[in-house]
Amino acid sequence: MGVAFVSTPEELKQFIEFPYRHYADDPVWVPPLKMQQKELLDTSKNPFFKDAVMAMFLAYDSGEVAGRIAAIHNHAYNRHNNENAGFFGFFECNQNQFVANLLFRVARDWLKIRGCTRLLGPMNPGLLDEIGIQIDGFEHRPAIMMPHSKRWYDEMIQNAGLKKEIDLFAYKVTSENVRVDRMDRAFEIVKKRTPGLKIRKVNLKAFDEEVKIIHRIFNKAWAKNWGFYEVSQDVLTHLAKELKMIIDTDFAHVAEVDGEPVGFSIALPDYNMVFDKMDGTLFPTGFLKLLWHRRKINAIRTALMGVVPEYQGRGIDALLTREAIVNGLPRNFTSAEVGWLLETNTGILRVVERLGGYKEKTYRLYGQPID
């Protein structure tokens, strides 16, 4: 049994492909596109790595891959938070505590050499990617850009010495429990409080300008949230270009007050309803499956949302959420996932609950001193 630093194309292939075998018997796991995973980990193509470095490790048991982990030194996070933390990400492991302990040890050692004093995670690899370990709701299929975990991970990670830092929630709103009457009343109240408020659809014909607006709002809106760091324009543009083909303007909106953008919400059609019919590849048959099954998508997920601080607490976030739900109902979209939401953000949690939402899944982030 041992651990290897990923340094060859074959080892990178093993790192990427381990989850496909690891979750082969899990009926709700959704295989991500392998080409997307390869690009995510490519430090020369993913702009996240312009301001971060990463090392990937594989654990072997009797010659077979038994687990994986990445150690990530995110300079942007440390500058913003005035500390020297390191992150772990992409953690997957067989049900073997010794293997898990070994993976976390090598991640800590690599980060310690770089001067890091605290281990946090998982982030895969950054704030705009999949983050957290799922700790409940395992019977539910994950929504697009949300992780799915083995049931034993929470106990295994804590046995390796890490403790809970914060939980993130995913809320579900369905056509059966949505409170349309409350949404309509909230709409009227918020409009009276902020007369110049207008909710408009994202303009895909002015895509670059819209991305700049969303970037500016995001960094202002999230500045005081746990784990925040200033996301660069390059990182957000890269993500936006990846998502442009699946963005539906019925579910993507900008809030303006007297013509000035103050908030946004990007909800995505849940393409995981398509990807779970595929094996992580587009060719030779995956692309045809994508074209066929995407017509049957009937769920959305609010992936990104933000309101600038001076307009927070006025209900604008509720109106942005309402807009996507109301637009989806006539099109037979029967459910919406809102999340992830920080457990400490009680304001938005109450807003979603008043709309009829209920907590369906919880994701956990962990921390540990590096001594």
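Can you tell me which aspartates and glutamates have their Cα less than 14 Å from the Cα of K163? Leave out same-chain residues fewer than eight positions away.
D154, E155
With 19 Å as the limit, write out which pairs from K34/K289; K45/K205; K13/K34; K212/K244; K45/K277 have Cα-Cα distances beyond it, or answer none.
Too far apart for the 19 Å limit: K45/K205; K45/K277.
Long-range amide H contacts for G121: which residues qualify at under 5 Å (H placed 1.01 Å from N, peptide plane, sequence gap of 5 or more or a different chain)?
F88, Y366
Name the lysines eligible as straight-distance cross-link partners of K164: C-alpha to C-alpha under 20 Å, and not fewer than 8 places from it in the same chain.
K150, K224, K359, K361
Under 20 Å between alpha carbons, and skipping anything fewer than 8 positions from K296 in its own chain: which aspartates and glutamates qualify?
List returned: E176, D248, D250, D270, D276, D279, E337.
State the antiparallel share, in %, of DSSP beta bridges confined to the stretch 172-365, rounding to the nearest 5. Mind dumping the intermediate values first?
Values: 22 of 26 bridges.
The answer is about 85 percent antiparallel.
Take the Cα atoms of the stretch 1-149, build their convex hull, and give its volume per residue in Å³. Show your work: numbers first, answer last.
Values: hull volume 17.8 nm³, N = 149.
With only Cα atoms used, the stretch 1-149 gives 120 Å³ per residue.
Candidates (1) 197; (2) 345; (3) 135; which is the computed volume of the Cα convex hull per residue in Å³?
(3)
Divide by every residue of the chain the summed helix terms, -39500 (n - 2.57) for each DSSP H run of at least 4, and state the resulting mean residue ellipticity at 222 nm, rounded to the nearest 500 deg cm²/dmol.
Values: 12 runs with 126 residues, N = 371.
One gets -10000 deg cm²/dmol as the mean residue ellipticity at 222 nm.
Starting from the Cα gyration tensor of the stretch 172-365, take the square roots of the eigenvalues, sort them a ≥ b ≥ c, and report rounded, prolate or oblate (rounded when a/c is under 1.5, otherwise prolate if a/b is larger than b/c, else oblate).
Values: a/c = 1.58, a/b = 1.30, b/c = 1.22.
It comes out prolate by the Cα gyration axes.
What is the Cα coordinate range of the stretch 271-347 on the first, second and third principal axes, sorted by size from largest, in whole angstrom?
Largest to smallest, the principal-axis extents are 51, 28, 18 Å.
About its Cα centre, how strong a charge dipole does the stretch 172-365 have in debye, to the nearest 20, once Lys and Arg get +1 and Asp and Glu get -1 at the Cβ? Write down the numbers at each step before the final one.
Details: 31 positive and 25 negative charges, 79 e Å.
The dipole magnitude comes to about 380 debye.
Which of W292, W226 comes first, and how do the rest follow, when ranked by fewest Cβ neighbours within 10 Å?
Numbers: W292 11, W226 14.
The order, fewest Cβ neighbours first, is W292, W226.
Among A55, G137, G115, pick out the residue whose Cα is farthest towards the positive end of the charge dipole of the stretch 2-166, where Lys and Arg carry +1 and Asp and Glu carry -1 on C-beta, about the Cα centre.
Looking along the dipole axis, the top candidate is G115.
All of the numbers you see were taken from the coordinates with simple rules; none came from a lab. None of the values given here were measured: they were computed from a predicted structure. Because the Cβ atoms are built from the backbone with ideal geometry, glycine has one as well, and the counts that use them run over all protein chains shown.
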